[in-house]
């Protein structure tokens, strides 16, 4: 007659394949779900996004970072806007002109279908598309252009002083190629991420699946950074 320990051992051996199957199912089903949840919230970021461009040391020892200059422009609704209009917002900024038939439509369709779609209902994120051809791109032209992309109020198309827009592109947002001209205008497929302190936190291409992931992940990471900072402040 077998003893109790032998019976228990045999039962464990018989049960082990079942647990192996369950473990395999978890790896195949559970792990991807967890990865998606982590990716969706941005919690897979273990450190803050970099802060771009030059910096200097203040008299008190604090680091002074490059920030975006203020501006006065008009949006597609004819409203006057400035940088303070978008206070406490994360900005995704690009430069284009409505009559462009190459780089600009490809970039804006990409933004509309991939990036804007992700944050269209997020009141903390604002998209700004600045026209580099303000002579032709009136507010009325930009409103029609915005409607063609199904853009709502949190995607604003701006026009105004050409010298101000070009100065912003070259010196504030530091868009590559902004100093060059293409028939008096410049092309760019870049989109720039700006934080609430008006510092540049990312510069992304607009074309591939990798570009989409990098841009969306950076916005999520930046939102998470502010959430963590607020939580840390409450604990003090």
> Among the residues of segment 59-88, which ones are in contact with a strand residue (DSSP E or B) (Cβ under 8 Å, 6 or more places away or on another chain) and under 10 Å from residue 198 (Cβ atoms)?
Replying inline: 65, 66, 68, 70, 86
>> Among the residues that make up segment 205-215, is at least one of them surrounded by fewer than 18 Cβ atoms within 10 Å (Cβ to Cβ), assigned to a strand (DSSP E or B) and touching a strand residue (DSSP E or B) at 6+ places or on another chain (Cβ under 8 Å)?
In response: yes
> Given the residues 147, 174, which is the only one that is at pLDDT 95 or above and out of contact with any helix residue (DSSP H, G or I) (no Cβ under 9 Å at 6 or more places or on another chain)?
Replying inline: 147
> Somewhere in segment 109-125, is a residue farther than 25 Å from residue 226 by Cβ, assigned by TED's automatic domain parsing to the domain that holds residue 212, without any contact (Cβ under 8 Å) to a residue 60 or more places away in the chain and part of a loop (DSSP other than H, G, I, E, B)?
Replying inline: no
>> As an exercise: evaluate residue 128 against (1) assigned to a strand (DSSP E or B); (2) touching a residue at least 60 places away in the same chain (Cβ under 8 Å) and give the number of the one condition it does not meet.
In response: (2)
> Quick one: residue 39 ticks every box in (1) closer than 23 Å to residue 203 by Cα; (2) at pLDDT below 90; (3) assigned to a loop (DSSP other than H, G, I, E, B) bar one, so which box is it?
Replying inline: (3)
>> With the requirement that a residue be touching a helix residue (DSSP H, G or I) at 6+ places or on another chain (Cβ under 8 Å) and farther than 29 Å from residue 51 by Cα, what does segment 65-81 give you?
In response: 76, 77, 78
> Given the structure, is residue 61 over 23 Å from residue 214 (Cβ atoms) and touching a residue at least 12 places away in the same chain (Cβ under 8 Å)?
Replying inline: no
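The values are calculated or read from the model by the stated rules, or taken from the named source; none is laboratory data. Keep in mind that what you see is a predicted model, and the values were worked out from it rather than measured. Note: ideal-geometry Cβ built from the backbone for every residue, glycine included; neighbour counts use all protein chains shown.
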